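A short worksheet on the structure shown next.
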């Protein structure tokens, strides 16, 4: 073995160690965020404490401050993290649709599936987040991203003829978002005792066909 090969092997080991350290940090960050979600959902943001989050995550209190400034920052990053993950899945779901109706069904199913699979996230978004002025702009950004997805679907539906052209896009998309949020809120209030995703197709049918007999 020459000096070059020894140095290369040593460098490879160092690189692998750095990657391992980064993965461990990422795993711990994710674990703390998910633990915070469980604590916020159970106790509410104001009553929840750093110590409770640390205990849930099986880390020391001081460890949290290596990743977050304070409890508010944990909530802010929780929302950012969850939003990024969920919207990536929503966009992928919409892209599977061949027409406006399919895209709308895929979007609503994905929306309800993600909230059903993460009840803590559903509770925080529906019961906690809307009351915090400090993250008001972040919530507006989340709503805008969702409404932009809906706008594209509605406009495509109007071109295809599956959605009436005499309706204002702004009215239709807010009607849809409001109905979805209402369904999730009802599910959260009921303790998640039924299949939330089963509401997806009836919701889309209601949008497209109305309640007229």
Quiz prompt | Average Cα contact separation per residue, the range 142-213, under 8 Å, 6 or more apart, as relative contact order % | solution = 26
Self-check item: Extended-chain gain in nm, criterion 0.36 nm per residue less alpha-carbon gap, residue 73 and residue 160
Solution: 26.9 nm
Quiz item: Taking a point 7 angstrom from the Cα of residue 186 along the C-beta vector, which residues in the range 193-208 have backbone N less than 14 Å away?
Solution: 193-207
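Hey, what's the Cα Rg ratio for the range 73-213 versus the globular rule of thumb, 2.2 N^0.38 Å?
This ratio for the range 73-213 stands at 1.05.
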Quiz item: Given a cut-off of 12 Å, what percent of all Cα-Cα pairs of the range 138-191 lie beyond it?
Solution: 68
Quiz item: Among 46, 76, what is the fewest-to-most ranking by other Cβ atoms within 10 Å?
Solution: 46, 76
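Tell me, what is the percent relative contact order of the range 73-213, built from C-alpha pairs under 8 Å that lie six or more residues apart?
Relative contact order comes out at 29 percent.
Give me 125, 45, 87 ranked fewest to most by other Cβ atoms within 10 Å of their Cβ, as a rough exposure proxy. It would help to have the intermediate numbers written out before the result.
Details: 125 23, 45 19, 87 16.
The fewest-first ordering by Cβ neighbours comes to 87, 45, 125.
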Quiz prompt | Per residue, the convex hull volume that the Cα atoms of the range 44-83 enclose (Å³) | solution = 72
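Only the coordinates and a few stated rules stand behind these numbers; no lab work does. Bear in mind that the values here come from a model prediction, so they are computed numbers and not experimental data. As a convention, Cβ positions derive from the backbone with ideal geometry for all residues, glycine included, and neighbour counts pool all protein chains shown.
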